[in-house]
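The values are calculated or read from the model by the stated rules, or taken from the named source; none is laboratory data. Model, not experiment: these values are computed from the prediction. Here the Cβ positions follow ideal geometry from the backbone for every residue, glycine too, while neighbour counts run over all protein chains shown.
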Amino acid sequence: MPDAHPPVNRIVVGMRVGLQFVFLALLVFAVVMTTVSGLPHAALVIFFGIVIAATYLAAMFVHGFAAVRLHPSWRSVWVLALTLEWAVLVWLTPHAAYLVFPIFFLQLELLRPPLGALSVWLSAGWAVAALGVVGGWSLGGVIGPLIGAAVAVLLGKAYSALRAEAAEHERLYTELSGTQQRLAAVERDAGVAEERARVARDLHDTVAQNLSSIVMLLTAAEREGDGSGTVRLARQTASETLAETRALIGALTPPLLDEHTLGGALRRLAANAWRAPGLEVEIRVADSLELSMTLQTALLRIAQGAMANVLLHADASLAWIEITRDERTVRMVIGDDGVGMDPDAIDTIPATRQGGFGIRATRERVGQLGGVLRIDSAPGAGTVLIVEVPA
């Protein structure tokens, strides 16, 4: 199943979550260190620490858990209030100076570009002043916040570019998913249209042609008056037409492959649709055979077409279907011990005969799968149809 969000978006979300944990961890560190070190105003530090945590967590709850998108103006008010609370806290304890770094990133993300950068430098200046007045002036106390502000501004620009890339990536991802769904629908519609066209051709080449022959034969019988021979021929043609029609109906309504394996579907056909007096049908297909649904459907159709020829023309006592596969190739063998045929004459079989359109349809299917079809047969020696397609 595809990911709900593209990878770049996960990076942005991870950075945001990490920033929240860093802010809360540094806040706890400032309060604990002030209390443990015995610095003055410990009670006020604890109080403002609680106020800052409440302000921060309230916004996280509204945005995350309540799923309320704050208006940009309210987000600006929130980050400015958080900055003012931190300004008081850093004046009370120098340990709160570390909080200026996550605040830098909040200001750059939630405030408009000019105001965000200005707030970063003002906060850095306030941190320098607070550290100098409260804890004494030092080179590290001056350079540290200023360097942190410069790094934050540079990282903020990189983060903005990454966030824009994430938004574009997600837009393209959504568009691609929609395109894939539309393409799949078009392919399904094309497959249905192709199958309907094939069935229409088959019906035209068999049922319509044979029924036309029946009409002409019966018309001739009526004109002859005593047309017992003609009537008998008409009845024989009608029987063949009925068998071909049943075969086509069976091809249109195969056992559902989502309820049976390919081997199970073939065995079910052998036990029902392919039952004939004096004919034994063996299915040599493992139920553990794993093939794509498209390939299973194609092989099932090929087997149905070949077995229709066996039932109508082979006069066989034994027929078998065997399917095997290796890493690259799927091989299906359909054979019988019937009357056989002349391989050189296969292409000359009229399309109006079951064997004619059946072999042509099989070749079309195998060609669409990128495979090859071989037919080994001889008069009186049975017929073996071999299909090899890429796995």
Take the stretch 250-274 and flag every residue that is closer than 15 Å to Ile323 by Cα and at pLDDT below 85. Thr261
Condition test on Val51, is it surrounded by fewer than 17 Cβ atoms within 10 Å (Cβ to Cβ), closer than 20 Å to Val79 by Cβ, of a type in the set (Val, Ile, Thr) and modelled with pLDDT of 75 or more? yes
Could you look through the stretch 102-120, keep only residues that are more than 42 Å from the chain's Cα centre (by Cα) and of a type in the set (A, V, I, L, M), and pick out the one that is farthest from Gly148 (Cα to Cα)? Leu115
Out of curiosity, is Leu122 part of a helix (DSSP H, G or I) and closer than 30 Å to Leu44 by Cβ? yes
Would you check which residues across the stretch 356-370 are surrounded by fewer than 20 Cβ atoms within 10 Å (Cβ to Cβ) and at pLDDT below 75 and list them? Gly356
Residue in the stretch 282-301 that is farthest from Gln368 (Cα to Cα), counting only those that are in a helix (DSSP H, G or I) and out of contact with any Leu (no Cβ under 8 Å at 6 or more places or on another chain): Arg301
Evaluate the following for Ala270: is it crowded, with 17+ Cβ neighbours inside 10 Å, assigned to a helix (DSSP H, G or I) and touching a Ser or Thr at 6+ places or on another chain (Cβ under 8 Å)? no
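Restricting to the stretch 275-320, count the residues that are among the basic types (Lys, Arg), surrounded by fewer than 14 Cβ atoms within 10 Å (Cβ to Cβ) and at pLDDT below 90.
1
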